[in-house]
1. Looking at the structure I just gave you, is residue 99 open to solvent by 40 Å² or more (accessible area, probe 1.4 Å) and touching a strand residue (DSSP E or B) at 6+ places or on another chain (Cβ under 7 Å)?
2. When you check residue 199 against the structure, is it open to solvent by less than 50 Å² (accessible area, probe 1.4 Å), under 23 Å from the mean Cα position of the chain (by Cα), among the polar types (S, T, N, Q) and at negative phi, yes or no?
3. Please tell me if residue 519 is crowded, with 23+ Cβ neighbours inside 10 Å, among the charged types (D, E, K, R) and either assigned to a helix (DSSP H, G or I) or free of Cβ contacts under 8 Å to residues at least 60 places away in the same chain (or both).
4. Which members of the range 388-428 meet the condition of being within 20 Å of the chain's Cα centre (by Cα) and assigned to a loop (DSSP other than H, G, I, E, B)?
5. Give the residues of the range 176-225 that are within 20 Å of residue 319 (Cα to Cα), assigned to a helix (DSSP H, G or I) and either in contact with a Lys or Arg (Cβ under 9 Å, 6 or more places away or on another chain) or not charged (D, E, K, R) (or both), sorted by residue number.
6. Residues in the range 20-40 that are of a type in the set (Val, Ile, Thr) and closer than 11 Å to residue 218 by Cα: how many?
7. Closer than 30 Å to residue 332 by Cα and touching a strand residue (DSSP E or B) at 6+ places or on another chain (Cβ under 6 Å), is that true of residue 198?
8. Evaluate the following for residue 380: is it hydroxyl-bearing (Ser, Thr, Tyr) and open to solvent by 20 Å² or more (accessible area, probe 1.4 Å)?
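The values are calculated or read from the model by the stated rules, or taken from the named source; none is laboratory data. Fair warning: this is a prediction, and the values are worked out from it, not measured in the lab. Every residue, glycine among them, receives a Cβ derived from its backbone with ideal geometry; neighbour counts consider all protein chains shown. Heads up: the accessible areas ignore ligands, DNA and RNA and are worked out on the full protein's heavy atoms, side chains in. Shrake-Rupley method; radii C 1.70, N 1.55, O 1.52, S 1.80 Å.
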Amino acid sequence: MPEEKVDVLIIGSGHSGGMAAKVLTEKGISCLMLNAGPIADVRKDTEVKPAYALPFRGFKQPGILPHVFQSNEFNANTWVDEKEVPYTYDPQRPYNWVRVRLFGGRSLFWSRQSFRLSDYEFKAKSHDGYGDDWPISLADVAPYYSRTEAIFRVQGRADGLPQYPDGNFVPDDSPWSESMQRFIASGKRMGVPVCKARSSLGVDGLASSVNLLLPDAFATGKLRAIPNVVVRELRADKNTGLINEVHFVDRLSRREMSVKARVVVLAAGTLESTRLLLNSKLANSSGVMGHYLIDQVYGPGIVCSVPEARDGKATPELNGGGALIPRFRNINSKEKNFIRGYALNVYSSNGPMDPRNFAAYGEELQNKLDSYNGSGFGTSIMGEVLARYENHVSIDKNVVDAWDIPVLRIDTKYTDNEINMARDAVDTSVAMAEAAGFEVLAKNYDPNPPGYSIHELGTCRMGDNPKTSVLNKWSQSHDIKNLFIVDGSSFVSGGWQNPTISLVALAMRASDYLAEQMRQGNV
């Protein structure tokens, strides 16, 4: 495409790229979207097989996708092959980088939890003195949250808590089960709020860019998309400093191609966008690109049994449903052993219990499983990870992927702040469960490896100072005014919240601004 120059080139087709495409095309701007994987057709590309018909009976094949705990034999070809696109790390500091190269990206697998960031995140330094504030506040993003929540049909209940901002919700009028009511009462006695969770209803159970964003963009006639192309490099004009060409390779034929663009919008995901820019040696006059990698602490939690629901007595009225404990630590008081805070997912189930929760075997184990069936109750943490300069990614020049593109080296670890936070989350869960009359069967204090949450953020952070940040408050590069980065790499802090609804709202905000700048001729 050497002679063609597109208005906006969007790299990535997930939630943020999809939102950029929707906003820009609906304002009359022509866009070309590049995506590293194929367009998945569920009807054509999938088949139904029972577990016994598979070589590994549905379990993960040994040695395949070692860092993707979410994979199994049924979905193994969904994830990026780590042999085809490797990454490196210190074996003493493992990192789980979970990637999807399909049209729609990881939006196809979003858990749909939808929480706004609060000013305890946007203005975290002002609250506790650590790190940096974002250059924006909740008030700046609130209108875009409301528009995004309407598109994704976020269901929730207004709770009036500043650390758990209310939004534009489809009302959640679902009743609490008796076990949840007991847990709520336990929380009240301890000053811990237990709320309804908030999640996107989407359409037909899916809330991806493929079904909620990109169809609107294609309907304008202003969007073209090319699947199966891997972007190799961005190049800048030596005279203007602006990006003027993007080089990419066909994933299958290995044909090298390029396209010129008036504006480039990066939406490839935090680490892939950062990798591309580091390999291109662009937009990093601050020297902070790749630094301040954050995600969220997952893994610690407890498993309990509700005694009244055992031995066939479980009913939906007695046990079932879920809840969310939003951050409650370091709001009006200060903890001694950690700053910031965590949330807890709370769940209860009328289904079978996991055998691993019982120190038994054979007939004794089977009797336990029969008795405890339908009585499950548990919690799991979503904890904030502090942004630290030393947690970073860089280019490993000694390793390349299947298309000879140098890969990322990831160097990050959790610290005492995250470990102490996790311990508090488990101890608080135990205290609340026991006060509610539940039997605690298992508790885990150990976080999963960094990256497990699939919420990597922060490596192209925004800020007002070009010397300490990569992007301005509009997700626009300080160095290159025709470069915008609209994925999670812009985050200054991550909080405990699933970041998706925030990064989509920020992508909408950035795209509105970009469209106006293009209209005025400033970009």
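1. When the stated conditions are applied, residue 99 does not pass them.
2. Judged against the criteria, residue 199 is a match.
3. When the stated conditions are applied, residue 519 does not pass them.
4. Matches in the range 388-428: 388, 391, 412, 413, 414.
5. 179, 180, 181, 183, 184, 185, 186, 187
6. Final tally of qualifying residues: 1.
7. Taking the combined requirement at face value, the residue satisfies it.
8. Yes: the conditions hold for residue 380.
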